[in-house]
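Undergrad: Below: one structure in structure tokens.
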């Protein structure tokens, strides 16, 4: 019984050792394959550089457009709080009716504040800023109506509030003072969709570029692949160096794209600050950031890996040892 236990322990130890050796060999082959892929890229600098630049440009264009849209969105967000709804009351409204209307406006959901502007206050302000003070004193009656300024909590709620306020009996007219922001939001939405469409189109282009590069590499190593398959090399073993090459092309292209985006941001920073200063603003453009940089690397590596996988899967099946 003891002899059986000892034999089983030696068998178990041998099995563990075999798995450890296999894992060690697997890691060694990955390191060697990665090193070989890097050296191959360095041995063909012009072809590698052209492939990396094509990938970098394809990643830079949608990323730059995305950053532009997001910066404009942040700029518009700074003026959302100044959006006001002007509510003009019908002429002849008495104080009790005005008080009731103010309570109705304050009771609406999404309203931050309501302020009342009397007709006389509006006329005095118009006299002060228009320069027609001497002419306006000859008017028999004040032509300006009583009004309320309604401040919405969110700019997106402004259209709904305007529709609800128009239904009130005492209201003569309603104007949204920052309606241009709605047009800007619509344009930004179009811009985001254009970014997505451009990113998809250029992503497919990157996959084709990487796939063509890997296809050429496979053709140049056709005899080597045939020999490896003759001695028992698996498809995974043969595929691995080409996948590493595609991954490296994608990562290097993303790194160059990040450098191009940073350079573009640095180039535009001073003109944007000067323009913002003319409007008494401290606005400055936002760059890619660490999170955006990591996303760009992930996208670049993914499209490179996908392009290599598709190319290897298509052409590797055609290489069969005789």
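The values are calculated or read from the model by the stated rules, or taken from the named source; none is laboratory data. Since this is a predicted model, take the numbers as computed values, not measurements. Every residue, glycine as well, gets a Cβ built from its backbone with ideal geometry; the counts of neighbours run over all protein chains shown.
Undergrad: Just a yes or no: is a residue in the range 182-205 within 30 Å of residue 159 (Cα to Cα), over 18 Å from the mean Cα position of the chain (by Cα) and in a helix (DSSP H, G or I)?
TA: yes
Undergrad: I've got another one for you. Quick check on the range 144-152. Is at least one of its residues at pLDDT below 85 and over 34 Å from the mean Cα position of the chain (by Cα)?
TA: Yes, there is a match, as at least one residue in the range 144-152 is at pLDDT below 85 and over 34 Å from the mean Cα position of the chain (by Cα).
Undergrad: Kindly check whether there is at least one residue in the range 281-296 that is within 32 Å of the chain's Cα centre (by Cα), in the same structural domain as residue 39 (by TED's automatic domain parsing), buried (at least 19 other Cβ atoms within 10 Å of the Cβ) and not in a helix (DSSP H, G or I).
TA: yes
Undergrad: Right, something else. Check whether at least one residue in the range 208-231 is out of contact with any helix residue (DSSP H, G or I) (no Cβ under 6 Å at 6 or more places or on another chain), surrounded by 13 or more Cβ atoms within 10 Å (Cβ to Cβ), in the same structural domain as residue 59 (by TED's automatic domain parsing) and not in a helix (DSSP H, G or I), and report yes or no.
TA: yes
Undergrad: Could you check the range 16-131 for helices (runs of 4 or more DSSP H) lying wholly inside it with 3 or more residues that are outside the structural domain of residue 162 (by TED's automatic domain parsing), more than 30 Å from residue 283 (Cβ to Cβ) and at pLDDT 85 or above?
TA: 45-77
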